[in-house]
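Read through the structure below, which is laid out as structure tokens, and then see the notes.
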Amino acid sequence: FDGTALNESDYEGIKHRFTFSVGSTEACVSLIIVNDNIKEEIESFQFALSARDDPVLIIRYFADVFIHDDDRVTVILSLG
């Protein structure tokens, strides 16, 4: 979800279904940050993971992603 960072101009958004094995607690997801060679302040967007297989139990995880002038990324994960 866009914040101060915008899809396509600051990062490449993805919409993909990931399957976690039973008992698995980790997975890697690659996010592409666009390097536009423009000096910028810290920008952010939100990355969401949802569990929707159970119609009653919907678990959502959100990660706030901070882009530091196209050079470095910080991710903060929260259960929401």
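A few points about this structure:
- Using the Karplus relation 6.51 cos²θ - 1.76 cosθ + 1.60 with θ = phi - 60°, the per-residue 3J(HN,Hα) values for segment 3-8 come to x, 7, 8, 10, 4, 6 Hz, with x marking Gly and Pro.
- Computed from the C-beta positions of His68 and Cys28 and an R0 of 22 Å, the FRET efficiency is 0.60 to the nearest 0.05.
- Cα-projected label distance for Tyr61 with Val75, points at 7 Å along beta-carbon direction, nm: 0.9
- Accessible surface, 1.4 Å probe, highest first, among residues Arg17, Arg60: Arg17, Arg60
- When peptides 29-41, 3-15 are sorted by average Cβ neighbour count within 10 Å, with the highest value leading, the order is 3-15, 29-41.
- With both labels modelled 7 Å from their Cα along Cα-to-Cβ, the Asn35 to Thr4 distance reads 2.2 nm.
The values are calculated or read from the model by the stated rules, or taken from the named source; none is laboratory data. Everything numeric here is computed off the predicted structure, so don't read it as measured data. Methodologically, a virtual Cβ is constructed for each residue, glycine included, from the backbone with ideal geometry; neighbour enumeration extends over all protein chains shown. Heads up: the accessible areas ignore ligands, DNA and RNA and are worked out on the full protein's heavy atoms, side chains in. Shrake-Rupley method; radii C 1.70, N 1.55, O 1.52, S 1.80 Å.
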